[in-house]
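All of the numbers you see were taken from the coordinates with simple rules; none came from a lab. Just so it is clear, the structure is predicted and the values come from calculations on it, not from any experiment. For neighbour counting, all protein chains shown are included, and Cβ atoms are generated from backbone atoms with ideal geometry for every residue, glycine included.
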């Protein structure tokens, strides 16, 4: 490697520390549980403490050595139209990614990286998806990061006529702290937080004896009902705060900017992430209005992007919270192809009873179980309020019916549906990978059908669907979206589609 | 849009589906047999209740071996047109899917052991959103369909 002039570069020396920490973390997580078990079962004799300390010392030295060796073995660079990465202390590997296969150059700045002022750079690939793994460089200085980015993206950047002040990315929108908190408070991730709490309480159980709990419970409230009344809101409140904290961690300082044909997203409180989305790879945009957000006229924006790397779920957030009225303005600047909000064709009236029926059936079961079981077992009718579920779910069915709709605007398909959150999806016709009509025997009787289409997303597909549209509308929609019809004719078709179903 | 795609699957598909349906039912039947055994032997349930699991699985088996393959075959249709592949399938839930040839990335044919026995094979074509398939065509027809899709896809790319 040293004999000839090597155009490849080394990582920032901080990579040694980062690699060392990474291997320490791996070893610790592998040995933590058995270690703790041994410690507690054997008691804390001086000998065991000495052994543990000795083990820890050896571990640190080995990890440091490994960090240095792997730093020395890792080189990267852009050579002859492709990105190269050489790695491996014992088993050498060299990865070559042709520049045209590079989807984006993303950076992540974890706490350790921030301490050293370096970035973890991820070269994400597109296309094959699974077969071509991405390359990750654990530590690059700011200058080196920018240089690599220019080296990779510069070669692909198409000079656009209107792009005169190509001085750098233009910031489109920044999430204010107030909006960040509102986003957390309305995120509807309380469910996830609750399940986390449940797991946490199990761990908690392991550490405190049952007697402790019993004493706590007995001294706190002799009446179980009162305890439940106190505890339930407390747990819910805690889960809610947890959900807010999660949102703050992930979306702090969320900034969306655009530079020519690329969107840049920066976010994160402890871990700063910077992701690139090439405009040309966006397959669909979804405007999502959560149950808690819709009453306040708030929405969030997501993108479906082809061949986009590992944490597609998170990185697909284009903007976490903005007033619904400003969505179109932002889209016009960020991804103009997706900035459409045509009046939607509603579903035919006869679809309403299917929507109501579908959402009421589970409620009926729940209500029946909720009322009958207490009645039979305890001979009390305190399950009766469960009956209230039925009109509530029927209302939900009606909402789903009212919100569902579709439209063709030029060569773009717009569909809207609700499953808790009301989601409006926009996809251009040339991004549709397939179009389907589904029909059950019940739908056939009512001359209804479900229309669905798929766009590429991540390594698989993502569906855009509307249930129970008129069968003839579904057929016309499939026809109008066919590749055969030229785009102009598509527009005329769209005009023709506008009559109410 | 046409009412139905023009081509059908190979009639031997029904035989293959019957056999694979029966094979799929075996573990379920074993489970049901065990459940019945437990009910009769240890729970000491009445005979009528005890044989319910086995009876249920048998009804399911009759449906999936005797009834479903015929219905399924009658519904399954496909057509490879110059611009799109048209698929129709489903016993109760009928689905009709159109895949533009311009979106197809690659095509292959596949043959399981049972299919090989009956000279059938499955054409699988992939778009960026995942695979679609035309199952149970006779091997030469499948090969022809595969090559035709590949050729048409190339043509679409050149346009």
Report summary line: To the nearest 10 degrees, the tilt of helix B:52-62 (Cα long axis) against the first principal axis of the alpha carbons of chain B is 30 degrees
**Report entry** Sorted by Cβ density within 10 Å, fewest first, the residues A:465, A:274
**Finding:** A:465, A:274
Query raised in the report: If each of residue A:444 and residue B:48 carries a label point 7 Å out from its Cα toward its Cβ, how far apart are those two points in nm?
Result: 3.6 nm
Requested in this report: Which order do the peptides B:134-143, A:176-185 take when ranked by the mean count of other beta-carbon atoms within 10 Å per residue, highest first?
Outcome: B:134-143, A:176-185
Report summary line: Taking Cα pairs closer than 8 Å and at least 6 residues apart, the relative contact order of the range A:45-109 in percent is 18 percent
Query raised in the report: Tell me, how many Å apart are the Cα centres for the range A:48-118 and for the range B:18-77?
Result: 55 Å
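Using only atoms on other chains, find how many Cβ atoms lie within 10 Å of each Cβ of peptide B:83-93 and report the average.
What the average comes to for B:83-93 is 3.
What is the gain in length, in nm to one decimal, between residue B:4 and residue B:147 on full extension, counting 0.36 nm per residue of separation less the C-alpha to C-alpha distance? Let's see the in-between values first.
Numbers: separation 143, 0.36 × 143 = 51.48 nm, distance 2.30 nm.
In short, 49.2 nm is gained.
Classify the range A:13-109 as rounded, prolate or oblate from the Cα gyration tensor: take a ≥ b ≥ c as the square roots of its eigenvalues, call it rounded if a/c is under 1.5, otherwise prolate when a/b beats b/c and oblate if not.
Since a/c reaches 1.5 and a/b is larger than b/c, the shape of the range A:13-109 is classed as prolate.
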**Report entry** Of B:76, B:42, B:92, the one that fluctuates the most in a GNM where chain B has Cα springs shorter than 10 Å
**Finding:** B:42
Query raised in the report: When you look at the Cβ of every residue in B:128-136, what mean number of other chain Cβ atoms sits within 10 Å?
Result: 5
Report summary line: Note on the range A:349-399: contact order normalised by length, alpha-carbon pairs under 8 Å, 6 or more apart, percent, works out to 48 percent
Query raised in the report: Using the 10 angstrom Cβ neighbour count as an exposure proxy, how do A:327, A:426 rank, fewest first?
Result: A:327, A:426
Query raised in the report: Counting pairs of alpha carbon atoms under 8 Å apart in space and at least six apart in sequence, what relative contact order in percent does the range B:78-158 give?
Result: 26 percent
Report summary line: Longest principal axis of chain B (C-alpha) makes with the long axis of helix B:139-158 (C-alpha) an angle, in degrees to the nearest 10, of 50 degrees
**Report entry** Partner chain coverage, peptide A:428-434 - average Cβ within 10 angstrom
**Finding:** 5
Requested in this report: Starting with the highest mean, order A:248-257, A:108-117 by the number of other Cβ atoms within 10 Å, averaged over the residues of each peptide.
Outcome: A:248-257, A:108-117
